[in-house]
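Peer 1: Before I ask anything, let me first share the structure, which is written out below as structure tokens.
The values are calculated or read from the model by the stated rules, or taken from the named source; none is laboratory data. Just so it is clear, the model here is predicted, and its values are computed rather than measured. We place every Cβ from the backbone using ideal geometry, glycine too, and count neighbours over all the protein chains shown. Ligands, DNA and RNA are stripped out before the accessible areas are found, and what is left, the full protein with its side chains, is counted by its heavy atoms. Shrake-Rupley method; radii C 1.70, N 1.55, O 1.52, S 1.80 Å.
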Amino acid sequence: MSANSLDLRHFKSIEFIMGALLVGGITLAVLLSGWLFPDGGSGINLAMRLTPPLVDGSFPLGTDPLGRDVLARVVIGGEISLKVGFYSALGAVVLGIIMGLLSGYYGGIVDMLVMRFADVQLALPFILLAITFIAVIGGGLTNMIILLIISQWVQYARLVRGSVLSLKDREFILSAQAIGVRDWRILFQHLLPNLLGPVVVLMTLNVANNILLESSLTFLGLGVDPVIPSWGGMLAEGRT
């Protein structure tokens, strides 16, 4: 093995450790936000409004126009973003896996109905779906999570369906059917464990994507309640 390849692997390991420490530190701060900032970042102090960063030791990132601690609101907003990103991705995984398993295993009319509905949803731009959903149902944290679940279950359903189509004619599935194993056991005990790998990878990517989508919609005024600290809401307030 050449010295260049060893140096490259060493550099990648250092890069991984630095990234893990950074992400771990941010996640730890977000998880401990309730203990670090008991007031939830909503404490108003008009006497300290618009304090620049590093001027006052009590406010390392300064204050906003209402005198609220920007650092506290960033950390509290990270908690909201992580909740939206994780819960919406988890909900989309559950719904997508169920629909993909049923579609791929049973085929026929079930497959046609699920896939045609998925095609219709994929044809709709996300921002159009979001505006329509929020106009009808309303905004808020819970509705934001539901919106992201509705918009992303199709990815998991199509991924799972493709995997099921390639697995359901394998010997271990045919053997289970031959000895009279019930369909639900075949779906969840034989097929599901063999297709979780790509689903987990897609979920990890979608968690980060959902955080960006939530921030973008909140920035446009279509996301969580403006009273709740969030990264998108803070960016919108910072325009002035």
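Peer 1: For the chain, modelled as a GNM with alpha-carbon contacts under 10 angstrom, which of L21, L212, L61 fluctuates the most?
Peer 2: Maximum fluctuation in the GNM of the chain, among the listed residues, is at L21.
Peer 1: Taking the alpha-carbon set of the range 113-181, what are its Rg and Dmax in Å?
Peer 2: Reported Rg and Dmax, both Å: 17.6, 52.
Peer 1: Determine the gain in length on full extension of the stretch W35-F86; use 0.36 nm per residue of separation and subtract their C-alpha separation, reporting nm with one decimal.
Peer 2: On the way: separation 51, 0.36 × 51 = 18.36 nm, distance 2.14 nm.
Extending this stretch completely gives an extra 16.2 nm.
Peer 1: Express the relative contact order of the range 150-240 as a whole percentage, based on alpha carbon pairs under 8 Å and six or more residues apart in sequence. Don't skip to the end; give the middle numbers.
Peer 2: Values: 40 pairs, mean separation 18.0, N = 91.
Here the relative contact order equals 20 percent.
Peer 1: Next question, about the same structure. Connecting C-alpha atoms closer than 10 Å in a GNM of the chain, tell me which of I186, I80, I14 has the biggest fluctuation.
Peer 2: I14
Peer 1: Here is a follow-up. Quickly work out the I14-to-M112 label distance, labels modelled 7 Å from Cα along the C-beta direction, and quote it in nm with one decimal.
Peer 2: Going from the M112 label point to the I14 one covers 6.1 nm.
Peer 1: Find how many whole Å separate the alpha carbon centroid of the range 65-121 from the alpha carbon centroid of the range 176-240.
Peer 2: Their Cα centres are 3 Å away from one another.
Peer 1: Another question about this same structure. Once you charge only the Cβ atoms, +1 for Lys and Arg and -1 for Asp and Glu, what is the size of the charge dipole of the range 139-240 about its Cα centre, to the nearest 20 debye?
Peer 2: Numbers: 7 positive and 6 negative charges, 71 e Å.
That gives the range 139-240 a dipole magnitude of about 340 debye.
Peer 1: Report the semi-axes of the equivalent ellipsoid for the range 14-150 in whole Å, largest first, where each axis is √(5λ) for an eigenvalue λ of the Cα gyration tensor.
Peer 2: Details: eigenvalues 349, 80, 28 Å².
Largest first, the range 14-150 gives 42, 20, 12 Å.
Peer 1: Please list the non-local residues whose amide H lies under 5 Å from the amide H of N45, H modeled 1.01 Å from N, same-chain partners needing a gap of 5 or more.
Peer 2: HN-HN under 5 Å from N45: G67, R68.
Peer 1: Also, quick follow-up: Ignoring ligands, DNA and RNA, what percent of the accessible area of the range 107-240 is carbon or sulfur (1.4 Å)? Walk me through the intermediate numbers first.
Peer 2: On the way: 5090 of 7470 Å².
Using a 1.4 Å probe with all protein chains present, the range 107-240 comes out at 68 percent carbon and sulfur.
Peer 1: Return the calculated 222 nm mean residue ellipticity for the chain, to the nearest 500 deg cm²/dmol, obtained by summing -39500 (n - 2.57) across DSSP H runs with n ≥ 4 and dividing by the residue count. Can you show the working numbers first?
Peer 2: On the way: 9 runs with 165 residues, N = 240.
That comes out to -23500 deg cm²/dmol.
Peer 1: Then there's this: Relative to the longest principal axis of the chain, what angle (0 to 90°, nearest 10) does the C-alpha long axis of helix 108-123 take?
Peer 2: 30
Peer 1: Over all alpha-carbon pairs in the range 102-230, figure out the percentage whose distance exceeds 22 Å.
Peer 2: Details: 4081 of 8256 pairs.
Within the range 102-230, distances greater than 22 Å cover 49 percent of Cα pairs.
Peer 1: In square angstrom, what is the accessible area per residue of the range 149-240 with a 1.4 angstrom probe? Numbers along the way, then the final one.
Peer 2: On the way: 5090 Å² over 92 residues.
Averaged over the residues of the range 149-240, the accessible area is 55 Å².
Peer 1: Same structure again: Can you work out the FRET efficiency for the pair A123 and W184, with r the C-beta to C-beta distance and R0 = 30 Å, to the nearest 0.05? Display every interim value, and only then the final one.
Peer 2: Values: r = 32 Å, r/R0 = 1.07.
After rounding to 0.05, the efficiency reads 0.40.
Peer 1: Highest GNM mean-square fluctuation, the chain, Cα pairs closer than 10 Å: which of I149, I173, I76?
Peer 2: Fluctuation is largest for I173.
Peer 1: Shifting gears a bit: Just need log10 I(q)/I(0) for the chain at q = 0.13, 0.16 Å⁻¹, Debye formula, equal scatterers on the alpha-carbon atoms, no solvent, rounded to two decimals.
Peer 2: Each listed q maps to, in turn, -0.92, -1.11.
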